[in-house]
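Working notes for the structure below.
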Amino acid sequence: MVEGDDDADADCVLSRIADWARADALSDLGSDAARLTIGSRIAGFGLVLGQVLPATTDVEAADDARLWLTGLMTDQMAFWDNDAPPGARNGNLRAWAALGGASVAALTDDAAIRDWSAASITHVLCTVAPDGSIPQEMIRGRLALSYQLHAIAPLVVSSLL
């Protein structure tokens with residue numbers, strides 16, 4: 001955050017997130033592509049919220065944001081467990097969803113979301129080949145390295161959370 005009034009800066013960021021929460025933004029996902037990729041957005045909101053919450057003063061907005069992210073993450077868990085394409089369940093998009101779960105669990109202390117996130121991280125990591133590559137991302141041909149790196153970032157951060 002910028003130098004100045006940390007509480008005011010944090011409340012400003014929180015108020016913008018709360019606007020999304022109160023509008024129930026991102027909850028009406030009309031395609032599998034949207035459901036496959038929303039995990040990184042949940043992660044982004046969760047990580048930002050985690051940074052500003054210690055300095056916020058608006059308890060109601062914080063509660064609204066946590067509740068919204070919990071709902072989005074609950075939908076994500078059901079999607080990945082029941083409807084996600086088999087290949088996608090083993091790659092970078094599942095890793096991003098796991099980071100979304102880890103960030104939400106860090107905010108809410110929700111054991112079910114934390115457990116799902118940890119199981120998802122484990123699931124992706126257990127697909128790793130002996131050479132360290134993620135097979136789902138190796139099918140990308142000349143883009144395989146980019147997809148490998150795209151999967152590593154959320155796996156590492158999720159593990160830290």
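Pull out the extension gain between Val59 and Ala34, defined as 0.36 nm times the separation in residues minus the alpha carbon to alpha carbon distance; nm, one decimal.
My answer for the length gained is 6.0 nm.
What is the spin-label model distance, in nm, from Asn82 to Leu67 if the labels are put 7 Å beyond Cα along the C-beta direction?
Label-label distance for Asn82 and Leu67, simple model: 2.3 nm.
Heavy-atom accessible area per residue, segment 4-136, 1.4 Å probe: how many Å²?
Result: 47 Å² of accessible area for each residue.
State the percentage of accessible surface on the chain attributable to carbon and sulfur atoms; use a 1.4 Å probe and exclude ligands, DNA and RNA.
Carbon and sulfur together cover 57 percent of it.
Determine the relative contact order of the chain: mean sequence separation of Cα pairs under 8 Å and six or more apart, normalised by residue count, in whole percent.
Averaging sequence separation for qualifying contacts and normalising by length gives 24 percent for the chain.
How much FRET efficiency would the formula 1/(1 + (r/R0)^6) give for Leu149 and Arg41, where r is the Cβ-Cβ distance and R0 is 25 Å, rounded to 0.05?
Efficiency for this residue pair is about 0.80.
In segment 6-42, which residues have a backbone nitrogen under 11 Å from the label point lying 7 Å from Val48's Cα in the Cα-to-Cβ direction?
Residues 13-21, 41-42 qualify, since their backbone N sits under 11 Å from the label point.
I'd like the distance separating the alpha-carbon centroids of segment 19-42 and segment 92-132, in whole Å.
Between the Cα centre of segment 19-42 and that of segment 92-132, the gap is 18 Å.
The values are calculated or read from the model by the stated rules, or taken from the named source; none is laboratory data. Keep in mind that what you see is a predicted model, and the values were worked out from it rather than measured. Quick reminder, even Gly has a Cβ in these numbers, built from the backbone with ideal geometry, and neighbours come from all protein chains shown. Note: accessible area is taken over every heavy atom of the protein model, side chains too, but ligands, DNA and RNA are not part of it. Shrake-Rupley method; radii C 1.70, N 1.55, O 1.52, S 1.80 Å.
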